[in-house]
Every structure is written in C-alpha cells, then in structure tokens.
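As structure tokens, the structure follows; a few thoughts come after it.
The values are calculated or read from the model by the stated rules, or taken from the named source; none is laboratory data. Note that this is a predicted model, so its numbers are computed, not measured. Virtual Cβ from ideal backbone geometry, glycine too; neighbours counted across all protein chains shown.
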Amino acid sequence: MSVLSMDVRTGAGELAPLRLTRRGRVVLFVLAVIVLGSLALWGGGAVAGGPGEPMEVRVHVVAAGETVWGYASQLAAPDEDVRDVVADLLALNGLDGATLQAGQRILLPVG
C-alpha cells in the first residue's frame, strides 16, 4: 500500500482503496505550508526574546527604611540610569511595585 492511498471498508464490508487526487495533494501541501509558516513566525519571537547572560545574585534581607531606589543607586554604574536598574531589580525579584517590607528577602546582583 502506498503512502498516498489506504484501504477503507465499503458498505458491503469489503476493502476499497482510497486514493488522494492531485487536487487533494495540493490542498494538503498548502495547509502544511500555512501551518509550518505560522509556527515559524510564532516561534521566531520566542527565540529573539531568550534569556540573557547568567547573573550571580545574593539573597538580602530587607532592613527597615531600605528601598529599591537605594539598592539601585548603589548598584548602578556611573553611566547607567538608576531608573533602569530599579526596573531590572523589580523584574529580577518578580515585584509589581517598589514597596519593600522589613524582613522581606530579595535578590541583588553581585558586583
């Protein structure tokens, strides 16, 4: 039995070959191209948004009066915007806002 044909039972219970016509092959080919093209476009964004370089971090227990802005000010390079470092710290710790509680554990980059 070829790949393009298979047997099916007729109403009388006997096997009858099922053949794929040229038009049927064209339709299947077009559908395959559409599906694969969609997956390629959808997957391309995932590759472009992959994770960055690994970062060494340490766990810090927040003391009373400490703020994300204070940590960011200490960690920011001289030519780096502190607001960008604040955003990075919030993303690193999965925080929605910059409010911290005393005793809370957060991750801070080493160095």
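List of remarks:
- Single match in Asp88, Asp7 (criterion: among the acidic types (Asp, Glu), surrounded by 10 or more Cβ atoms within 10 Å (Cβ to Cβ), modelled with pLDDT under 75 and out of contact with any Phe, Trp or Tyr (no Cβ under 8 Å at 6 or more places or on another chain)): Asp7
- Considering only residues in the range 95-111 that are surrounded by 10 or more Cβ atoms within 10 Å (Cβ to Cβ) and within 19 Å of Asp84 (Cβ to Cβ), the one that is modelled with the lowest pLDDT turns out to be Ala98.
- Filter result for the condition that a residue is touching a Gly at 6+ places or on another chain (Cβ under 9 Å), under 21 Å from Val110 (Cβ atoms) and either surrounded by 10 or more Cβ atoms within 10 Å (Cβ to Cβ) or at pLDDT 80 or above (or both), over Ala63, Ala72: Ala63
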